[in-house]
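A.B. asks: Below is the structure I would like to discuss, written out as structure tokens.
The values are calculated or read from the model by the stated rules, or taken from the named source; none is laboratory data. Since this is a predicted model, take the numbers as computed values, not measurements. Using ideal geometry, Cβ is built from the backbone for each residue, glycine included, and neighbour counts are taken over all protein chains shown.
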């Protein structure tokens, strides 16, 4: 199939699956009419159709619901999506989690978690930042202690966007306190409904509570929910924070499913973070999922300031 044929196929699918009012508004370039059509969209039904079609995650392997496209063909799909201003996902971390699952997850983990991400049925939260480790993510103290084929988690996270809505969390915890701090971290796919998980909203001056504190009191997580190798969390973490999300979610209009807050995600991809040592810091937008470069370039900045 040529790229022209691919674009034609995607456009035909969109015209058949978006509301007629929506398509007509796009054809006439009528922004008010498009806003009206957007308000009447059945978001859950839309994501079911889009998830079944595999266009949103077109680079995923076919066996997991995608089309196995390379970046060029995915770009063709996204350009058509952008032209029709289709709703974007309100589960941005789900995009990053999907990349982590495809890279480090087991087949069972991929088959369990990828379909709900594609259909926006399950919302994810990133559980990284801690009150005592805002500028030094490797210094986190949340512990996961092994007990047979499961782990018992105790600790606290903070500035956790969507935690009050999330079904699952991507948890970074210390599994080995006896090795250098960067080497003793592991990643878990945590069910947020597990007994012992407590979410407390951090209410802002506006009265909204977009960020949250999350407490873990003897939370049991099966070892089969561990993502990647034991102690590999520090190496894995930057990969899902900085994955390029533009191929999947920079087009269209933000959808408003009833189960998801409509705020923009405070996470921002950093194209160069994977080339340098990193440390996490809480930015002006909130949580410590915005990564700040350190190491050699930070040193250069410091020297230039002192001079």
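A.B. asks: Please state which of the following conditions residue 57 fails to meet, knowing it meets all the rest: (1) buried (at least 24 other Cβ atoms within 10 Å of the Cβ); (2) assigned by TED's automatic domain parsing to the domain that holds residue 27; (3) over 14 Å from the mean Cα position of the chain (by Cα); (4) not in a helix (DSSP H, G or I).
C.D. replies: The number of the failed condition is (3).
A.B. asks: Same structure, new question: So which residues in the stretch 173-189 are over 14 Å from the mean Cα position of the chain (by Cα) and under 22 Å from residue 114 (Cβ atoms), if there are any at all?
C.D. replies: Step one: of the stretch 173-189, the residues over 14 Å from the mean Cα position of the chain (by Cα) are 173-188.
Answer for the stretch 173-189, where residues must be over 14 Å from the mean Cα position of the chain (by Cα) and under 22 Å from residue 114 (Cβ atoms): 186, 187, 188.
A.B. asks: Within the stretch 34-53, count every residue that is within 17 Å of residue 91 (Cα to Cα) and surrounded by fewer than 13 Cβ atoms within 10 Å (Cβ to Cβ).
C.D. replies: Within the stretch 34-53, residues that are within 17 Å of residue 91 (Cα to Cα) and surrounded by fewer than 13 Cβ atoms within 10 Å (Cβ to Cβ) number 2.
A.B. asks: Looking only at the stretch 23-39, which residues are assigned to a helix (DSSP H, G or I) and without any contact (Cβ under 8 Å) to a residue 24 or more places away in the chain? Before the answer, list the steps.
C.D. replies: Taking the stretch 23-39 and keeping what is assigned to a helix (DSSP H, G or I), we get 23-28, 31-39.
Matches in the stretch 23-39: 24, 25, 27, 28, 31, 32, 33, 35, 36, 37, 39.
A.B. asks: Considering only residues that are without any contact (Cβ under 8 Å) to a residue 60 or more places away in the chain and in contact with a helix residue (DSSP H, G or I) (Cβ under 8 Å, 6 or more places away or on another chain), which ones fall in the stretch 68-77? I'd like the intermediate steps shown before the answer.
C.D. replies: Start the filter on the stretch 68-77 by keeping residues that are without any contact (Cβ under 8 Å) to a residue 60 or more places away in the chain, which leaves 68-70.
Selection gives 68, 69.
A.B. asks: Quick one: would you say residue 152 is at pLDDT below 95 and touching a strand residue (DSSP E or B) at 6+ places or on another chain (Cβ under 6 Å)?
C.D. replies: Working: at pLDDT below 95: no; touching a strand residue (DSSP E or B) at 6+ places or on another chain (Cβ under 6 Å): yes.
So residue 152 fails the test.
A.B. asks: Sticking with this one: Condition first: touching a strand residue (DSSP E or B) at 6+ places or on another chain (Cβ under 7 Å) and surrounded by fewer than 20 Cβ atoms within 10 Å (Cβ to Cβ). Now tell me which residues in the stretch 162-176 satisfy that. Steps first, please.
C.D. replies: Initial filter on the stretch 162-176 (touching a strand residue (DSSP E or B) at 6+ places or on another chain (Cβ under 7 Å)): 162-164, 166, 168-175.
If the condition is that a residue be touching a strand residue (DSSP E or B) at 6+ places or on another chain (Cβ under 7 Å) and surrounded by fewer than 20 Cβ atoms within 10 Å (Cβ to Cβ), then 164 is the only one that fits.
A.B. asks: Inside the stretch 192-223, can you point out the residues that are out of contact with any strand residue (DSSP E or B) (no Cβ under 6 Å at 6 or more places or on another chain), at pLDDT 95 or above and over 13 Å from residue 152 (Cβ atoms)?
C.D. replies: 193
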